[in-house]
Amino acid sequence: MKLHLALRLTAVTLTCLFPVCAYAADAESGKPALTGEDLTTISEHIRQTGAQMREDLKKARARLEVQKAQQEAERKRQEEEARQLALKEKQQREAQERARREAAARAEQAERQRQEALRAKQLEAAKQEAARARAAAALKEARASVGVRAFGDDKQAAKARAAEALKKARESAGVRAFGE
């Protein structure tokens, strides 16, 4: 806008000074003063120059507006790309955090299951040990109850008592205690 104003001011100044300078130059050279026709030609030339300057200024202004619009469009495109990139990075971070939490939860669940399996195994081992102890005690009791009579007349009764003791031992320990 300032360029436009400066060009107009220059054109007006030149227009005003041209006849004065031309008259002074003619007076010094001894030539006759400018005629009306010369002045008309000069003023027409000045008008054409002014019109051409205005046209050039309009074109320059239009180019400047186009350039500004392109720059604004480029700035908006870059902002949108930056926003999209930031959104994508945020989603990736969230997905990584979610995956990390899920992996931690799976690891925790696996550890709980491992602990439960270990406790169950220990409990089963304790049950088996208790069943073996009961079976051994029942067998010892059965042998003790049979005692010397095993060689005597009452062999059938000793077998029945041993079978009964074995049955009690199996019931208290379960079938697994004897490997069946």
Residue identified as in contact with a Leu (Cβ under 9 Å, 6 or more places away or on another chain), surrounded by 10 or more Cβ atoms within 10 Å (Cβ to Cβ) and among the aliphatic types (A, V, I, L, M) among Ala103, Ala60, Ala82: Ala60
Failed condition for Val66, given (1) over 30 Å from Thr15 (Cβ atoms); (2) surrounded by fewer than 10 Cβ atoms within 10 Å (Cβ to Cβ); (3) β-branched (Val, Ile, Thr): (2)
Qualifying positions in the range 1-32 - polar (S, T, N, Q), at pLDDT 80 or above and surrounded by 11 or more Cβ atoms within 10 Å (Cβ to Cβ): Thr10
Evaluation of Thr35 against (1) surrounded by 10 or more Cβ atoms within 10 Å (Cβ to Cβ); (2) more than 30 Å from Ala169 (Cβ to Cβ); (3) not aromatic (Phe, Trp, Tyr) (one fails), failing number: (1)
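Return yes when Ala73 is surrounded by 10 or more Cβ atoms within 10 Å (Cβ to Cβ), in a helix (DSSP H, G or I) and at pLDDT below 80 and no when it is not. Working first, answer last.
Working: surrounded by 10 or more Cβ atoms within 10 Å (Cβ to Cβ): yes; in a helix (DSSP H, G or I): yes; at pLDDT below 80: no.
Considered against the rule, which asks whether it is surrounded by 10 or more Cβ atoms within 10 Å (Cβ to Cβ), in a helix (DSSP H, G or I) and at pLDDT below 80, Ala73 comes out as no.
The values are calculated or read from the model by the stated rules, or taken from the named source; none is laboratory data. Note that the structure is a prediction, hence the values are computed from the model and not measured. A quick note on method: Cβ atoms are made from the backbone with ideal geometry, for glycine too, and the neighbour counts reach across all protein chains shown.
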